[in-house]
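Following: one structure in structure tokens, then a few remarks.
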Amino acid sequence: MDETADRIARPWGDRTPYGRHGDWPERTDLRLRDGVPPDAVERWVPSASILHSDGDAMDIAVADGRMVGVRGRTVDRVNRGRLGPKDLFGWQANAAADRLTRPLVRRGGRLVETDWDTALDLVVARSRELLDTRGPGSIGFYTSGQLFLEEYYTLAVLARAGIGTNHIDGNTRLCTATAAEALKESFGCDGQPGSYDDFDHADVIALFGHNMAETQPVQWMRVLDRLEGADPPRLVCVDPRPTRVARVAAVHLAPRGGTNVALLNALLHETIRHDRVDHGFVAAHTVGFDELAARVADCSPKWAADICDVPAARIEEAAELVGTTDALLSTVLQGVYQSHQATAAAVQVNNLHLIRGMLGRPGAGLLQMNGQPTAQNTRECGANGDLPGFRNWQNDTHVADLAKVWNIKPSSIPHFAPPTHAMQIFRYAEQGSLRMLWISGTNPAVSLPELARIRSVLSQDRLFTVVQDLFLTETAQLADVVLPAATWGEKTGTLTNADRTVHLSEKAVDPPGAARSDLDIFLDYARRMDFRDQDGGPLIGWHDAESAFAAWQRCSAGRPCDYTGLSYALLRERGGIQWPCHAQAPEGTARLYTERIDWAHPDRCESYGKDLVTGAAQEVVEYRSLNPDGKAVLKATAYLPPHEGTDADHPFQLSTGRTLYHFHTRTKTGRAPELNAAAPEVWVEASAEDADRLGLAEGDLVGVSTARGAVRGRLRVTDIRPGMLFVPFHYGYWDTASGSGPVPDAPGRAANETTVTDWDPVSKQPLFKTSAAALTLVARGDGTPAPAPDVTASARTARGGTA
Ligand SMILES: Nc1nc2c(c(=O)[nH]1)N[C@H]1C(S)=C(S)[C@@H](COP(=O)(O)OP(=O)(O)OC[C@H]3O[C@@H](n4cnc5c(=O)[nH]c(N)nc54)[C@H](O)[C@@H]3O)O[C@H]1N2
Ligand SMILES: Nc1nc2c(c(=O)[nH]1)N[C@H]1C(S)=C(S)[C@@H](COP(=O)(O)OP(=O)(O)OC[C@H]3O[C@@H](n4cnc5c(=O)[nH]c(N)nc54)[C@H](O)[C@@H]3O)O[C@H]1N2
Ligand SMILES: [Mo]
């Protein structure tokens, strides 16, 4: 049992070292409400964490009908009983006093409480009116990476087949659209190749733009345990911040923001120049090697050193590590996905694994990571910009197959164009072609770029906005109808983590007041809309989570994400199971691509690929001639400079991201006292060198401004690369001193006041990591340090800045 009392100060807890190829030891993490002894717990209800993409298995402690704590589930292979700080403390937000308990509707400019019939009838009336007058393209849905599979699938069916709109996407667009896209470009299809078990076997672990210590703290515990065991792995960290990952890495490269492609091309160059290539694997399983070799021929470490501003010798060291090891595991996350040339860079990591034959073996794995807990489900269920079951919208056979599952005509499924991405959905709302937007489980008034613009879009009179949330968020305050949702622990459903592990999360307690699960809300709406199939039967024939799961299983049959071998009973009995799970793989599947590249064949693939510079979609004819046998595609790309360069007025690169203790817009972690106290207020990170030069010191109040807007916070002087600033994006306005107005106190607190409306051309993921910014002094501090945690990447530099 790990001592959890101080897991704010010691987030990763005690070490349990183990050697390479060994079993990760168990450690049961437990947290009960103060004063509640373990024997007061009446029931332990099985679940998994939904505050990151690890899917840490846990049981919820219930006493007197209330949640009183959580315990890691020791038997589960994902976490072996461990929990991170957010897992241990975040559940308290469920019982927050300001949970929404009744629907709200806007009357005379104000949101007033009402009942479900009134609220849903209003939504139905507006839907019908818009369908009659403007057609299905006037209605859009913007959902989450935090609901359950059953909810996304239901939403995807009601939106795509019921309403018949192409405008449905998730906040996964901001999160893991690039992961999905990079997998489609290289392997023809979404689906995580690797397994978390690869951490037990890897010899070199390379993390590209992934602050794993803070964002997947439990898998980081696994790495820390291996580092203290026999035959430890060597780490390569590519990150401009001094993360805890960077601090223990054998090689840390801190590149200039937005230069990932240059760096990766240099790693590929070195791999090919030293002939560290697995030619047998390349010949058997890939196409495009010659083009790749030609593309990177001039990309020497010295060339990349100038662009990335890292020493050429360091790049050579990294290249030697990834090029000579027998088991390379790579992870990729937002430092790539939200940075310049996102998909192009993520694809080069795939290329590195393909030319080295580092795939489908224990320790030789690739994790194009997810961020949100259920992002994988958003993608596979088609509640984002894909058709359900990773079907190809350009392949009429796939569309016909989906129509058969839904018993509707293929022409009823919009597939005249790619499914609309979130940034385009907001653009349609801005322009006025979209008149109703239903937002579930996401808070775009804090999380989308360029917030002044987003607020103005959401505040338009002509746009009818429905917001489904637990709290009256910054977004909900701008809505016409607010629907109170039940959440994790208050409803049953399944979720799939970043390594395809499916967990069942069961209802432990009742939701507050009249709040209902997202599934119930969607089903009720579908019933009221009376959606029908082509025989006049109900389009949606299921009525609860388990029957929704069964419907999804039918839709997934024969697809890469095949769930047909799973059931609630099996998940209860066995805990987490990795898809695909079907008659031929009844135990689930640890790794994809162990024998061959299964899903890239032109008839089977989810995508025919896109141009990595423009994002233009290829046609089947091109794809078939490039890749007739369905091998992995080695897609080369040239480095291009970031869109928004620095200049005299905006000399800094501004990066935004996360801290260990908070989740996104803090609706949950800001309401958990221990987590909130650990990082109570926004701050700004700059290097000691820049602070010295500008005469700034730790704790000074500073302003960060871009062409879009400004934020203000206390300065934290760290070992971040000079020329770069970092602002956590967690802080919005619901808990500012002036109250909970949606319009910020000037000048802003939310990082996205400053970020740019710009996205990766291929994945359409917004660029949150590269804006040009200015840093100015607002007021001297009084010697009090900035409110930033010290055990994280935000740690104060030993140098301290100007005293
Ligand atoms: N504590 C916590 N954990 C979380 C979440 C949370 O909110 N809080 N959210 C979850 C979600 S949804 C997600 S998506 C993940 C995100 O997890 P991460 O991607 O690990 O988190 P970020 O802080 O967004 O960015 C990671 C790193 O990218 C680096 N970076 C910035 N620009 C560049 C660049 O140009 N190149 C490179 N190589 N690196 C760069 C930053 O310095 C930063 O350390 O975390 C998940 N886990
Ligand atoms: N500047 C900057 N911006 C970013 C990022 C960045 O790194 N920098 N990262 C981006 C990324 S990767 C992500 S994932 C997004 C996250 O951005 P958001 O999705 O906007 O952030 P959350 O705070 O997680 O919002 C989820 C909302 O759903 C509600 N909710 C929770 N559970 C449930 C439920 O069961 N049902 C319903 N109906 N509601 C629920 C919560 O109360 C909350 O309001 O932010 C993106 N924005
Ligand atoms: Mo995310």
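The values are calculated or read from the model by the stated rules, or taken from the named source; none is laboratory data. Because the structure is predicted, anything quoted here is derived from the model rather than measured. Because the Cβ atoms are built from the backbone with ideal geometry, glycine has one as well, and the counts that use them run over all protein chains shown. Ligands, DNA and RNA are stripped out before the accessible areas are found, and what is left, the full protein with its side chains, is counted by its heavy atoms. Shrake-Rupley method; radii C 1.70, N 1.55, O 1.52, S 1.80 Å.
The table for this structure:
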item: Matching residues, the range 420-477, being in contact with a Ser or Thr (Cβ under 7 Å, 6 or more places away or on another chain) and more than 13 Å from ligand 2 (Cβ to nearest atom); result: Ser433, Leu434, Arg435, Met436, Leu437, Arg453
item: Members of the range 559-584 that are of a type outside the set (D, E, K, R), free of Cβ contacts under 8 Å to residues at least 40 places away in the same chain and within 23 Å of Arg80 (Cβ to Cβ); result: Leu570
item: Number of the exception - Ala97 against (1) within 30 Å of Leu224 (Cβ to Cβ); (2) without any contact (Cβ under 8 Å) to a residue 60 or more places away in the chain; (3) within 16 Å of ligand 2 (Cβ to nearest atom); (4) among the hydrophobic types (A, V, I, L, M, F, W, C); result: (1)
item: Test set (1) within 16 Å of ligand 1 (Cβ to nearest atom); (2) surrounded by fewer than 23 Cβ atoms within 10 Å (Cβ to Cβ) - Arg128 fails condition number; result: (1)
item: Helices (runs of 4 or more DSSP H) (entirely within the range 144-259) containing at least 3 residues that are within 14 Å of ligand 2 (Cβ to nearest atom) and surrounded by 24 or more Cβ atoms within 10 Å (Cβ to Cβ); result: 149-157, 177-187
item: Filtered residue count, the range 604-627, keeping only those that are in a loop (DSSP other than H, G, I, E, B) and open to solvent by 80 Å² or more (accessible area, probe 1.4 Å); result: 3
item: The range 428-447, subset over 20 Å from Ser138 (Cα atoms) and touching a strand residue (DSSP E or B) at 6+ places or on another chain (Cβ under 7 Å), residue surrounded by the fewest Cβ atoms within 10 Å (Cβ to Cβ); result: Gly441
item: Breaking point among (1) surrounded by fewer than 20 Cβ atoms within 10 Å (Cβ to Cβ); (2) within 29 Å of the chain's Cα centre (by Cα), for Trp12; result: (1)
item: Residue count for the range 741-758, restricted to those that are outside any loop (DSSP other than H, G, I, E, B) and at pLDDT below 95; result: 1
item: Unmet requirement for Arg80, which otherwise passes all of (1) in contact with a Pro (Cβ under 9 Å, 6 or more places away or on another chain); (2) open to solvent by 10 Å² or more (accessible area, probe 1.4 Å); (3) under 28 Å from Arg516 (Cβ atoms); result: (3)
item: Any hit, the range 759-768, residues being in contact with a strand residue (DSSP E or B) (Cβ under 9 Å, 6 or more places away or on another chain), at pLDDT 95 or above and not in a loop (DSSP other than H, G, I, E, B); result: yes
item: Residues (surrounded by fewer than 24 Cβ atoms within 10 Å (Cβ to Cβ), touching a strand residue (DSSP E or B) at 6+ places or on another chain (Cβ under 9 Å) and not in a loop (DSSP other than H, G, I, E, B)) located in the range 260-291; result: His285, Thr286, Val287
item: Single unsatisfied condition, Gly140 versus (1) part of a loop (DSSP other than H, G, I, E, B); (2) in contact with a His (Cβ under 9 Å, 6 or more places away or on another chain); result: (1)
item: Strands (runs of 3 or more DSSP E) lying entirely in the range 424-536 (those with 3 or more residues that are within 27 Å of Pro747 (Cβ to Cβ)); result: 464-469
item: Glu698, sole failed condition from (1) crowded, with 19+ Cβ neighbours inside 10 Å; (2) within 25 Å of the chain's Cα centre (by Cα); result: (2)
item: All positions within the range 360-386 that are open to solvent by 10 Å² or more (accessible area, probe 1.4 Å) and more than 13 Å from ligand 2 (Cβ to nearest atom); result: Gly360, Arg361, Pro362, Gly385, Asp386
